[in-house]
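I have placed the structure first, in the form of structure tokens, so that the comments after it can refer back to it.
The values are calculated or read from the model by the stated rules, or taken from the named source; none is laboratory data. A quick note: this is a predicted structure, and the numbers were derived from the prediction, not measured. Note that each Cβ is placed from the backbone with ideal geometry, even for glycine, and that neighbours are counted across all protein chains shown.
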């Protein structure tokens, strides 16, 4: 009788031990063990980095120097060390130059005016040649990209991008990305025209009054999430409630709704009153 009771108690224990052994020998457990011990299996399981930074060819440097002397040196100096009319560009990296010149904000006719986005004066290759020259002058400063970003948004999270956008960007660019006024007559630009590459470059280089978000503030996946939200819902909103009204914001849209709605009801009330 006692032996039978012992067997009944031992049976659940044997089942638990058997399940544990099978779990430890399964492929998933082996992979998790390899990842926890730092073996090469970690790289196979980790998602690929959504942003890569491409180095520019060295053959771009010489023609880039000539283009820089013709288009940029009057403000930034022949060695890009800066003058009273333009900042020092040594160490800013090629992505900084690609953003400013690629968005048409540079060259700037009036150094005191705020640069605005417009059609670039130079071709894409010439812009990259200038970027290669500036990038060759000195090692890129820590936290700044030393190449031109290429971004893959397939695995980006729009919900995470929205949360990060609200936390880091909406205060200046507004929740709809339309831009807003800043101090001293400057303004945060609209995001409705930015490409994915330009958005990455802006986040990583911090142009003008914009903060610089290095890898210590936002990792590449978080940057990709923000860019996906900007190039998705910000630039292509789903106006499920009706007219988007140009994305001017919920407060202004509410006033317009009140003006049209209440005003229309008052007109109808006056019309009914006159008829009676």
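If the requirement is being at pLDDT below 95, more than 25 Å from residue 93 (Cα to Cα) and assigned to a loop (DSSP other than H, G, I, E, B), which of these qualifies: 252, 208, 240?
Just one listed residue meets the conditions, 240.
Which of the residues that make up region 24-59 are in a helix (DSSP H, G or I), in contact with a helix residue (DSSP H, G or I) (Cβ under 8 Å, 6 or more places away or on another chain) and modelled with pLDDT of 85 or more?
58
Checking residue 197 against (1) touching a helix residue (DSSP H, G or I) at 6+ places or on another chain (Cβ under 7 Å); (2) surrounded by 18 or more Cβ atoms within 10 Å (Cβ to Cβ); (3) assigned to a helix (DSSP H, G or I), which test does it fail?
(1)
Any idea how many residues of region 174-194 are in a helix (DSSP H, G or I) and at pLDDT 95 or above?
0
How about region 60-126: which helices (runs of 4 or more DSSP H) wholly inside it have at least 1 residues that are touching a residue at least 40 places away in the same chain (Cβ under 8 Å), over 19 Å from residue 141 (Cβ atoms) and out of contact with any helix residue (DSSP H, G or I) (no Cβ under 7 Å at 6 or more places or on another chain)?
The qualifying helices (runs of 4 or more DSSP H) are 61-71.
Take region 104-133 and flag every residue that is within 17 Å of residue 207 (Cβ to Cβ) and under 23 Å from the mean Cα position of the chain (by Cα).
If the condition is that a residue be within 17 Å of residue 207 (Cβ to Cβ) and under 23 Å from the mean Cα position of the chain (by Cα), then 104, 105, 106, 114, 115, 116, 117, 118, 120, 127, 131 are the ones that fit.
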